[in-house]
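A short write-up of the structure that comes next.
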Amino acid sequence: MTDKKIIAVVGATGTQGGGLARAILADPDGGFAVRALTRKPDSEAARRLAASGAEVVEADISDEASVTKAFEGAYGAFLVTNIWEHMSAEQEKQDVATMARAAGTAGLAHVIWSTLDDTREHIPLHDDRMPTLDGKYKVPHFDAKAEADAYFADAGVPTTLLRTSFFWENLLGAMAPQRGEDGRLVLALAMGDSALAGIAAEDIGKTAYGIFRRGGQLIGQTVSIAGEHLTGAQLAERFSDVLREQVGYAPVPFDVFRAQPFPLAVELGNMFQYYAEVPEFNEARDIDAVRELNPELQTFEQWLTAHKGAFANL
């Protein structure tokens, strides 16, 4: 392992980091090795990684000393946060700042930071199309990540900003098509007639691997990714084809979505409105360019076919 460049992977037992870890491990001649950072090195997922050839180390992204130690001797790192664990944009920014300082201290040669666009660049706080949240965000889980981008430059860390998009895995849960009283399946999304930039979570990690394989070519650059741009009607068509049952599409008004009785309704309603009303988001995501980095990039239909079993009980 010592003759390979070590990539420290935050979230290696999760979706994005797991995709990168698996991509590296599946390419034993690729010149890279995985150091999986996890708070739970004894977890089943961590044990599977170790059995596959990964080095597993314990680290907590809120603890700078533990992260710095985990980064020591590594060539690069893939960094990601999970705001849904604590639901705090401020905590997320603190964690990113901690990782950036640790990366700088450890002298990493290349960091990939999984981030998102700043929605306020196109829908400023004074814009009343959507409510402002916490007094300073439109979509906190986007805007906080975007603010944190600067921490890497501040720490002098050679970084590629990897801007992601809507995870198709979100359609496996509450956003899946629902069967109405008439027995018909309907996909309800707050997207109007606009196309949604989406991607399989596994492909985020695979694309990050493609960036590392380019050496330092993409350091200092922003790489915005998606697997496909599809309207709600097109997504419903793909569901119909794969499930072999007609699935309709129901565009949900943004305000109706924000009024739903679950904790993140307002933030997610803002997110969908941003997706729908800011064409620059999709324009920045060139599918052909992403496929050059990740030749195995999945289409929505390919992803849906692989997950068909998850929709068996709709």
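Each value in this text was obtained by applying a stated rule to the coordinates, not by laboratory testing. Please read these numbers as outputs of a predicted model, since none were measured by experiment. Glycine gets a Cβ as well: all are built from the backbone with ideal geometry, and neighbour counts include every protein chain shown.
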For the stretch 190-240 and the stretch 1-54, distance of Cα centres in Å: 22
If one takes the longest principal axis of the Cα atoms in the chain, at what angle in degrees, from 0 to 90 and to the nearest 10, does the Cα axis of helix 16-25 lie? 50
As straight-line cross-link partners of Lys145, the qualifying lysines (C-alpha separation under 23 Å, not fewer than 8 residues apart within one chain) are Lys93, Lys136, Lys206
If we sort 167-175, 69-77, 4-12 on the protection proxy, mean other Cβ atoms within 10 Å, highest first, what's the order? 4-12, 69-77, 167-175
Which of the lysines could be linked to Lys40 by a straight reach, that is with a Cα gap under 19 Å, when you skip same-chain ones fewer than 8 residues away? Lys69
I want the antiparallel fraction of DSSP beta bridges within the chain, as a percent rounded to 5. 20
Given an 8 Å cut-off on Cα distances and at least 6 residues of separation, report the relative contact order of the stretch 145-220 as a percent. 35
Subtracting the Cα-Cα distance of Thr305 and Asp255 from 0.36 nm times their residue separation yields 14.8 nm
How high is the relative contact order of the stretch 175-314, given as a whole-number percent (alpha carbon pairs under 8 Å, six or more residues apart)? 36
Label-point separation, Gln178 to Asp127 (7 Å along Cα→Cβ), nm: 2.8
How would you rank 297-310, 121-134, highest first, on the average number of other Cβ atoms within 10 Å across their residues? 297-310, 121-134
Taking Cα pairs under 8 Å and at least six residues apart, what relative contact order does the chain come out at, in percent? 16
Which residue, Ala233, Gly248, Leu218, has the largest displacement toward the positive end of the dipole of the stretch 177-311 when charges sit on each Cβ (Lys, Arg +1; Asp, Glu -1)? Leu218
